[in-house]
Amino acid sequence: MARTKRVIKKKEPIKAMDRKRYLLYSILIPCGIFVLLAVLISQTNLSYMLKRWWYGEEQTDSHSALEHDVRNIALMREHDDKVFGIDISEYQGRIRWDEVNTIHEKAPVDFVFVRASMGESAVDKRFKENWNAIAGRTKLRGAYHYFRPNENSVKQAKNFIKQVKLKPGDLPPVLDIEERPRRQSMDSLKTGLKRWLDEVERHYGVKPILYSGDSYFTDFLEKEFSDHVLWIANYNFWVNKPKKHWHFWQFSEKGNVKGIKGNVDLNMFKGNIEDLEKLTISY
């Protein structure tokens, strides 16, 4: 079979105007993309997302810990006009209080909330030990009660009062509500919460602080309880500042504090140390 000769067409020359436009686009587009990426990556939250994508969904513990460390330190630096603290319970085990001074060795621990009681009769095993130890560390301290929705609210208030003796300079008592009721309506739960808050306020002469998760508070409690000092938990990486109605923001459950083994909850107070001291009990 005879071979046919291949005819190769010559490329048409690029016109002068097209050449200039081509050169302009070849420079501007990559530069624009580079600048855009640089700006986005410099934003803390996106850098966490990129890091998560780089390591993949199945990250090692060390990568995950690094991610939280970086985020916590970045938030504390960004809000260096605020004060920071921790909250603890028996789950932290025995704490070496003489070493508890800073969070991630960056920001001072200015206040500590301690779990005192749970439900009608349960008591945190290390409450008295931790409560007394903090008194000798010149840090502001506060005590909280973990509310169990399916137990009597007045008995729960009396359980807290029995365990906690507040002094001038201590932070107001805290009601921690996180669970949804199983055997009652949300309206019934709200009635119980009000009874606990009223009972505790009558005893200590100060309005308690209310702690809850961000979505829990917004969905169920905001209408009736927004007049309280609020302590809200939200660990989402894309949240980089407290909302307007948050007085305390629990921004991480994976903080690092020397003297405490394992993770510890981290909290930001939306004000300076003088503002925080104004919340303390004065009698």
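Please treat every number below as a calculation from the coordinates, not as lab data. Bear in mind the structure is a predicted one, so any value in this text is a computation, not a measurement. Note that each Cβ is placed from the backbone with ideal geometry, even for glycine, and that neighbours are counted across all protein chains shown.
Here are some notes:
- Spin-label pair S226-Q163: with each label point 7 Å from Cα along the Cα-Cβ axis, the two points sit 3.2 nm from one another.
- The alpha carbons of segment 104-148 occupy a box of 38, 19, 15 Å along the principal axes, longest dimension given first.
- At R0 = 25 Å, FRET efficiency that the Cβ-Cβ distance of E105 and K125 yields, to 0.05: 0.30
- If you take all other residues with their beta carbon under 12 Å from the beta carbon of V83, and give Lys and Arg +1 and Asp and Glu -1, the sum is -3.
- Evaluating 6.51 cos²θ - 1.76 cosθ + 1.60 at θ = phi - 60° for every residue in segment 211-219, the Karplus couplings come out as 10, 6, x, 4, 5, 4, 5, 5, 6 Hz, glycine and proline recorded as x.
- For segment 102-152, GluC sites (Glu not before Pro) are listed when DSSP marks them as loop and at most 16 other Cβ atoms sit within 10 Å of their Cβ; the list is E105, E120, E151.
- For K254, a cut-off of 15 angstrom between C-alpha atoms picks up these aspartates and glutamates, skipping any fewer than 8 places away in its own chain: D61, E67, D69, D87, E105, D265.
- Principal semi-axes in Å for segment 140-283 [√(5λ), Cα gyration tensor, largest first]: 23, 20, 15
- Cα Rg, Dmax (largest Cα-Cα span) when computed across segment 128-174, Å: 12.1, 37
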